[in-house]
1. Please give the number of the condition Ile115 fails out of (1) within 23 Å of Ser350 (Cα to Cα); (2) more than 15 Å from the ligand (Cβ to nearest atom).
2. Determine which member of the set Ser138, Ser105, Ser85 is assigned to a helix (DSSP H, G or I) and surrounded by fewer than 20 Cβ atoms within 10 Å (Cβ to Cβ).
3. Residues in region 30-43: is at least one part of a loop (DSSP other than H, G, I, E, B) and acidic (Asp, Glu)?
4. Residues of region 147-176 being of a type in the set (D, E, K, R) and under 23 Å from the mean Cα position of the chain (by Cα), which ones?
5. I'd like the full set of residues that are farther than 17 Å from His80 by Cβ, in a loop (DSSP other than H, G, I, E, B), β-branched (Val, Ile, Thr) and more than 14 Å from the ligand (Cβ to nearest atom), limited to region 186-242.
6. Output the residue which, of all residues in region 174-207 that are in contact (Cβ under 8 Å) with a residue 60 or more places away in the chain and out of contact with any helix residue (DSSP H, G or I) (no Cβ under 9 Å at 6 or more places or on another chain), is surrounded by the fewest Cβ atoms within 10 Å (Cβ to Cβ).
7. List pairs: first residue in region 258-281 and in contact (Cβ under 8 Å) with a residue 24 or more places away in the chain, second residue surrounded by fewer than 18 Cβ atoms within 10 Å (Cβ to Cβ) and of a type in the set (Ser, Thr, Tyr) anywhere in the structure, Cβ distance under 7 angstrom, at least six positions apart or on different chains.
Amino acid sequence: MPSFDQVIERRGTACFKYDALKLFYGRDDLLALWVADMDFAVSPQIQQALANRMQHPVYGYNFKAPAFQEALGNWLFKRHGWDTSAHALTAFPSLMTALAISILSLTQKKDKILIQTPVYPPFSMSVLEHQRELLCNSLINDNGVYSIDWPDFEAKAAQCTMFILCNPHNPVGRVFTREELQRMADICKKHKVIIFSDEIHSDLIYPGQKHIPIASLAEDICLTGISPAKSFNLAGMGTAVLICKNRDLLDTVQKLNQALHTYMGNSFGLVAFTAAYGESEAWLEELLGYLHANAQLIKNEIPRILPRVTISPIEGTYLAWLDFRAYGLSELDLMNILKDRCHLALNAGSSFGKEGEGFMRLNFGCSRVILEEALQNLKLFGDGNNA
Ligand SMILES: Cc1ncc(COP(=O)(O)O)c(C=O)c1O
């Protein structure tokens, strides 16, 4: 098993996280803790499966053999206790393609769609770009601990045709509890709201938490988006699926997926997907131990270095959500200090919604030595006064 401690040079591989630094931050001598992919090599099983496929020199259209769905079905049952044997799935080049096609096929122009902000920016973009109306149920932030504003959730859900759930939640790191999910599902059922549940981070869960697929509580109204992009570090492989028990819902989405010719996928993504869910559980377990130790390091060190920063509890994902508001800086000043003084590229909180202003998202899916260097660099932040 290769060590997650190994630092792999990614610059020059046409990777967004490193090779687009200059474009986005104006300089490229930064520690890249922004874009949500990890700096780790994928599992040896995935590497081997891809190498085997590469050996065969014909790369034509592919067919998703039963092994593809079987690998995922076995995984979901084993890891999350979710029996999907009566479900069907359809594949997409990315989870955000699945979301866009679901919005287009299941809702009408001007329909209202609910999200819980701050949240992964393409949710709002996808709603607005397709001329639907966005309703935001702002999460309640109590000293870094996020919860749901239930009266607001129900009042807004009652007006909506779709709710886009992010569980585990990017960026606030929540793994929603069974009680919360049941309540969201019950409200959506009552008001006939379709749930699009983005569960891309569902295998990145830390001790004490349990991922509950919301579809296991409300299978008739849920489409669940799943992809190995985050947990198995395969974002560049372009293979995601929607899984759903309600054939009417899935058929509607599938029809547009076929009409747009976005269902085929690529041969390597298919192989990587199958080797991830079918063969890489031991690798994931090791990864989770490593990421959890990184999260602990952040929780222990940042309060010592920047006592006015509040860190939200990291229940899942490899993303830390840091509240810098006590420093009283504008986002531009905050970004500039982190960039020019601390040599760090983090994600600006406002990109996740207005609730994120004054926050930063830090991706700790990197080797310990890089994280330690980033924490050392935070010592140069100073008191934030001389921006
Ligand atoms: C919640 C969430 N959904 C989807 C994505 C992107 O998935 P894809 O690249 O498959 O569209 C991300 C990436 O960070 C994410 O955090």
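1. Answer for Ile115: the failing condition is (2).
2. Ser105
3. yes
4. Hits for region 147-176 are Asp149, Arg174.
5. Val193, Ile221
6. Val175
7. Met264/Tyr61; Ser267/Tyr59
Yes/no matrix, rows are residues, columns are (1) outside the structural domain of His211 (by TED's automatic domain parsing); (2) among the acidic types (Asp, Glu); (3) closer than 18 Å to Ala240 by Cα:
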{"residue": "Phe68", "(1), (2), (3)": "no, no, yes"}
{"residue": "Asn74", "(1), (2), (3)": "no, no, yes"}
{"residue": "Thr97", "(1), (2), (3)": "no, no, yes"}
{"residue": "Thr107", "(1), (2), (3)": "no, no, no"}
{"residue": "Tyr120", "(1), (2), (3)": "no, no, yes"}
{"residue": "Phe123", "(1), (2), (3)": "no, no, yes"}
{"residue": "Leu128", "(1), (2), (3)": "no, no, no"}
{"residue": "Glu133", "(1), (2), (3)": "no, yes, no"}
{"residue": "Asn143", "(1), (2), (3)": "no, no, no"}
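The values are calculated or read from the model by the stated rules, or taken from the named source; none is laboratory data. Keep in mind that what you see is a predicted model, and the values were worked out from it rather than measured. Backbone-built Cβ (ideal geometry, glycine too); neighbour counts: all protein chains shown.
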